[in-house]
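Step one of this worksheet: look at the structure below.
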Amino acid sequence: MKNTIAFAGSNSSKSINHQVVTYVASLVENATTIKLTDYEAPIYSSDIEEESGIPEGIIALNEKLASAERLIISVAEHNGNISAFFKNTIDWLSRNNREFLKGKEIILFSSSPGPGGASSALATTEKTLPYFGATIKSTLNIGNFYQVFENGKINDASIVEQIKKCLS
């Protein structure tokens, strides 16, 4: 089995995308779930980079991600886009290593309380990550989170089947 790291592109302590990615990771042998909030970084600025260099949290995150063959990412959507937090993390990671996703298989998910399932953020992420060497293997948006997710699991068999198909 491939060494897999799973995380959500959100900094919310109540992130539904973290709940989704935790559930999905539980279906994968050899998967580790991390929280990006454990890897601190200020809002990216070339001035900060010039003055202080790459934040230690980003260096540690880059090393962590380097150990994975596959990433499972669930992205949050804020106003039709990826979260500023996730964009900032990508910006810093790419400054530390432009091809930080080279050779990585990426499986993307997104979720939202509404029926759209954060599809705009998912599409943006799917288009963005290959710039850093990623190979997108599959994507799935999960709408109506509060209706389809309970007790740490997806309760809709058709969505579970779609998730398993994405993972295979």
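If you check SER74, SER52, SER45, which single one turns out to be of a type outside the set (A, V, I, L, M, F, W, C) and within 20 Å of ILE34 (Cβ to Cβ)? Show your work before the answer.
Values: SER52 fails: within 20 Å of ILE34 (Cβ to Cβ); SER45 fails: within 20 Å of ILE34 (Cβ to Cβ).
Being of a type outside the set (A, V, I, L, M, F, W, C) and within 20 Å of ILE34 (Cβ to Cβ) holds for just one of SER74, SER52, SER45, which is SER74.
Listed conditions (1) in contact with a strand residue (DSSP E or B) (Cβ under 7 Å, 6 or more places away or on another chain); (2) part of a loop (DSSP other than H, G, I, E, B) are all met by GLY114, apart from (1).
Can you tell me which of LYS137, LYS127, LYS153 is over 30 Å from ARG95 (Cβ atoms) and not polar (S, T, N, Q)? It would help to see each step written out before you state the result.
Numbers: LYS137 fails: over 30 Å from ARG95 (Cβ atoms); LYS127 fails: over 30 Å from ARG95 (Cβ atoms).
One residue alone meets the criteria, LYS153.
Among the residues of region 129-149, the ones that are surrounded by fewer than 16 Cβ atoms within 10 Å (Cβ to Cβ) and either modelled with pLDDT under 95 or part of a helix (DSSP H, G or I) (or both) come to 4 in all. Total residues in region 33-57 satisfying the condition of being closer than 26 Å to SER120 by Cα and among the β-branched types (Val, Ile, Thr): the figure is 4.
Scanning region 27-51 for residues that are at negative phi and touching a strand residue (DSSP E or B) at 6+ places or on another chain (Cβ under 9 Å) yields VAL28, GLU29, ALA31, THR32, THR33, ILE34, LYS35, LEU36.
Looking at ALA60, is it under 20 Å from ILE136 (Cβ atoms), surrounded by 13 or more Cβ atoms within 10 Å (Cβ to Cβ) and not basic (Lys, Arg)? Don't jump to the end; show me each part of the working.
Working: under 20 Å from ILE136 (Cβ atoms): no; surrounded by 13 or more Cβ atoms within 10 Å (Cβ to Cβ): yes; not basic (Lys, Arg): yes.
Judged against the criteria, ALA60 is not a match.
Identify, please: which residue in region 16-52 is closer than 14 Å to THR89 by Cβ and touching a Gly at 6+ places or on another chain (Cβ under 9 Å) and is, among those, surrounded by the most Cβ atoms within 10 Å (Cβ to Cβ)? If we take residues in region 16-52 being closer than 14 Å to THR89 by Cβ and touching a Gly at 6+ places or on another chain (Cβ under 9 Å), then ASN17 is surrounded by the most Cβ atoms within 10 Å (Cβ to Cβ).
The values are calculated or read from the model by the stated rules, or taken from the named source; none is laboratory data. If you're wondering where the values come from, they're calculated on a predicted model, not measured in any experiment. Don't worry about glycine lacking a Cβ; one is built from the backbone with ideal geometry, like all the others, and counts go over all protein chains shown.
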